[in-house]
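The values are calculated or read from the model by the stated rules, or taken from the named source; none is laboratory data. It should be emphasised that the depicted structure is a prediction, and the values quoted were computed from it without experimental measurement. Every residue, glycine as well, gets a Cβ built from its backbone with ideal geometry; the counts of neighbours run over all protein chains shown.
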Amino acid sequence: MMRVNSLRLFLTASLLGSVVFSLTGKPDMASLLKGKAIFEKQCAECHGKDGSGVEGEYDKPLLGDWPLEKLVRVVDRTMPELEPELCRGENAKLVAAYVFETFWQKRGESAPREVALARLTNRQFRQSVADLFAQFSGSRIPVIDEKMTGLRATYYDVKKMNKRHQKKKDRIDGEVDFDFGANAPFEGMNKDGFSVLWQGSIVPIETGWYEFFVHSHNGFSFWINRDGKKASIDETVTGGKEREKSVRLFLLGGRPYPIMLDFFKFKDPVAKVRLRWKPPRGKKEVIPREFLFQQSVPPSLILQQKLPPDDSSAGFERGTMVEQAWDEAVTYAALDAGKYVNERIDSFAKTKPDDPHRAERIEEFLLQLLQFAFREPLSDKQKDFFVRSRFEDSKSLASTVEEVVLLALKSPRFLYPEWQALAKKEKDVHVVATRLALYLWDSLPNERLHQLIEKGNLSKEVQQATLARQMLEDPRARAKFRDFLLHWLEINQNESPKKDPTLFPKFDEEVISDLRRSLIKYLDSVVWEKRGTLDDLLRAGEIPLSPKLAAYYGIEQARQSTFTAFPPYPSEKIGRQGLFTHPYLLAHHSYPDETSPIHRGVFVARKILGRHLRPPKEAISFKSSDFDPSWSMRQKVTALTKSADCMVCHDLINSTGFLLEGFDATGRVRGKTEDKSSSLKVTYLDREGNELPMNGPGDLLRHSLASEASETFFTEELFKYVAKQEPTRYAIASNKTFMKELATSKLTDLYLSLCLEAAKDGFLYAK
């Protein structure tokens, strides 16, 4: 039923709201029955007899906020999908009135409020565990001074093996990549024996598995996210032989971790040391200065246990499925956390092994730990069951500590953050604090939030708003919003865009890694540095470029410069118009050997324009060899999708994808000899069935900036990502004025407002 811009599309385009019934009166019963008959004959196959949707066709219900006149206009122009001429004029009015009266308005007024009790997602679980113990270790997320990049380096003379004799120099080193040869680092130092101690912190951008490499001829010790006791790599007594040692660990993006490298040379013929890393989806490289900072921080408990993937619903990750693999992984993670705590129990509990009150202090620490884990004060019954009764048994103190940690991290009160709300069924300040921490940080309330609650300084909405704005500036909020943007652009979980090396030999690992970093730096710049809007994000007026990228994409002026930190370059000067023309996205949505208008078109239609695309009835693989080699990609795709069933969606997909055919499979601007298509001109069919002529990415950008659907879709996606719920379950979604204002505000304000409103007004509170 309908073309791609069918009733299903425009219905789901907007958030729910109050319906404006602008006709002079309601249709009579006879008219409604006629409309019902037309609907059941021409529409029910795709939309269901009750308007609730049909799986595999249009699975969302018929609901929205458009007035009846607009429904009539759209139905008249576009329904049914393949034969819109069957429902014109009076018939269009009848079926539109039936939908409006029966499904449209009724569902919008009584949207479902129920929600499944969801567990912490993997990201939330790791972050919450890290922050739980950070309350006691002093490793609270500090504000890192972004101007103080590089590592603190202290240079010493050495007269005996691994024994420092005299400090010679302090300085800041941007990177650790030195080949001293047979010489000393500075004049006046002992060239036969010297050492260097590099200290500071490292702040990775993305969450995932990192590998660190130390390459040297000499002795060294390396620490990453550890205290100064046991090294991650210990090669202290080894020297004279060139070698490389590595360590692999899981890190959460946006958090600082302590890093230290202790390097020794003693009577070796040469001195050489290099510190590299390989981040997720990145290249093996010397750790760039922009990720290293002079400030030292305590280590964090980052669980290394592999967790099974979260389930996915409505386009965002959720924790609604509890399976054996997940339960076992969480159990092992909790046991590891217990061992971690035991090793540091005196530090956590602020006691000593010979303290006569050691057991009492440890008990008090565990009670406080439980309060933070459960996100609210403990009842006497909970104190007795989870902690005090454990000390009454005859087992060792170490076993007791591990048992309590296991109980805390496996408790539903920790794993299911909405447990409080379900139990209370009323507005509660602890629930609001829990939701704010979860929505903004993917974590739990810290000590400061608990203190504010105890003092009564979080009960008023103005106090909650002030707190939320402060929480927004935390590195964890930046990391979460960055993760959302990568989710929105469909590149957070996918592999890097690899290309055929015979066709694109210079599109190597370094270019791919720099492209991804370029995109992330651009996103961060718009959101956090410039405090831009969605329009600013979509415009992509500047693209950060490294020398490697400038060389590959033929940007002479940038290539000749000496920069190393991805300075921005005006997009239009390098043939770019709009975020969707960033080379990483273009390369990501292409085949290894050529472009893919289908992949690019689907991405732009769904994510940028907010259009709904029905899943294809059958998957058809594209093989370039099936077509005349002289054909352009446009001709091949047109031939492949020419059937009526395909064109239901490909009418939209192809038009948006063809507009990007001016870029090759790696995102380079193509010359006339490279692009067999003589023109980028297309006719784009908008949501109301209007035919819009377009001639290149510039026209597509202008349409996306003018489209309310783009704003609505982005807001919905962010809402779902933040709250892990459909917006229809929240009362604020019905305030169309409020939601529209939010969509055009600064992205930080949009993020903050959605988090704050959802925390206060959640589905359990809606009237």
Inset, instruction - Among what's in segment 688-702 and is in contact with a strand residue (DSSP E or B) (Cβ under 7 Å, 6 or more places away or on another chain) and surrounded by 14 or more Cβ atoms within 10 Å (Cβ to Cβ), pick the residue that is nearest to THR744 (Cα to Cα). - result: LEU700
Legend entry - Subset of segment 282-310 (residues that are of a type in the set (S, T, N, Q) and crowded, with 16+ Cβ neighbours inside 10 Å): GLN294, GLN295, SER300, GLN305
Legend entry - Search result, residues across segment 502-539 that are out of contact with any helix residue (DSSP H, G or I) (no Cβ under 8 Å at 6 or more places or on another chain), over 24 Å from ILE608 (Cβ atoms) and surrounded by 18 or more Cβ atoms within 10 Å (Cβ to Cβ): PHE504, SER513
Legend entry - Matching residues in segment 166-193 - criterion: being over 16 Å from VAL273 (Cβ atoms), free of Cβ contacts under 8 Å to residues at least 12 places away in the same chain and in contact with a strand residue (DSSP E or B) (Cβ under 7 Å, 6 or more places away or on another chain): GLN166
Legend entry - Qualifying positions in segment 686-708 - modelled with pLDDT under 85 and not in a loop (DSSP other than H, G, I, E, B): GLU691
Inset, instruction - Take the residues in segment 111-155 that are among the polar types (S, T, N, Q) and either modelled with pLDDT of 90 or more or surrounded by fewer than 16 Cβ atoms within 10 Å (Cβ to Cβ) (or both), then tell me which one is nearest to ALA329 (Cα to Cα). - result: ASN122
Inset, instruction - Examine segment 433-456 for a residue that is over 20 Å from PHE125 (Cα atoms) and not in a helix (DSSP H, G or I), and state whether such a residue exists. - result: yes
Inset, instruction - Note down all Cβ pairs under 9 Å where the first residue falls in segment 375-394 and is touching a residue at least 40 places away in the same chain (Cβ under 8 Å) and closer than 22 Å to ALA423 by Cα, the second is among the aromatic types (Phe, Trp, Tyr) and in a helix (DSSP H, G or I), and they're at least six residues apart or on different chains. - result: ARG375/PHE414; ARG375/TRP419
Legend entry - Close pairs (6 angstrom Cβ cut-off, 6 or more residues apart or separate chains): under 21 Å from LEU303 (Cα atoms) and not assigned by TED's automatic domain parsing to the domain that holds ARG517 in segment 204-218, part of a loop (DSSP other than H, G, I, E, B) and of a type in the set (Gly, Ala, Ser) anywhere: PRO204/GLY253; ILE205/GLY253; GLU206/GLY253; THR207/GLY253
Inset, instruction - Return yes or no: is SER394 in a helix (DSSP H, G or I), of a type in the set (S, T, N, Q) and surrounded by fewer than 18 Cβ atoms within 10 Å (Cβ to Cβ)? - result: no
Inset, instruction - Give me the pairs, please: first residue somewhere in segment 583-594 and not assigned by TED's automatic domain parsing to the domain that holds LYS498, second residue anywhere and outside any helix (DSSP H, G or I), beta-carbon distance under 9 Å, and either six or more positions apart or on two chains. - result: none
Inset, instruction - State whether the residues of segment 428-444 include one that is of a type outside the set (A, V, I, L, M) and more than 27 Å from the chain's Cα centre (by Cα). - result: yes
Legend entry - Given (1) modelled with pLDDT under 95; (2) surrounded by fewer than 18 Cβ atoms within 10 Å (Cβ to Cβ), index of the condition HIS217 fails: (2)
Inset, instruction - Taking only segment 458-497 into account, find how many residues are among the polar types (S, T, N, Q) and either in a helix (DSSP H, G or I) or at pLDDT 90 or above (or both). - result: 4
Legend entry - Candidate set from segment 568-618 (those that are on the phi > 0 side of the Ramachandran plot and surrounded by 18 or more Cβ atoms within 10 Å (Cβ to Cβ)); member that is modelled with the lowest pLDDT: GLY610
Legend entry - Whichever residue in segment 227-260 is basic (Lys, Arg) and crowded, with 16+ Cβ neighbours inside 10 Å and, among such residues, is nearest to GLU146 (Cα to Cα): ARG255
Legend entry - segment 448-483, residues that are surrounded by 14 or more Cβ atoms within 10 Å (Cβ to Cβ) and among the acidic types (Asp, Glu): ASP474, ASP483
Legend entry - segment 45-74: number of residues that are at pLDDT below 75 and either touching a strand residue (DSSP E or B) at 6+ places or on another chain (Cβ under 9 Å) or aliphatic (A, V, I, L, M) (or both): 6
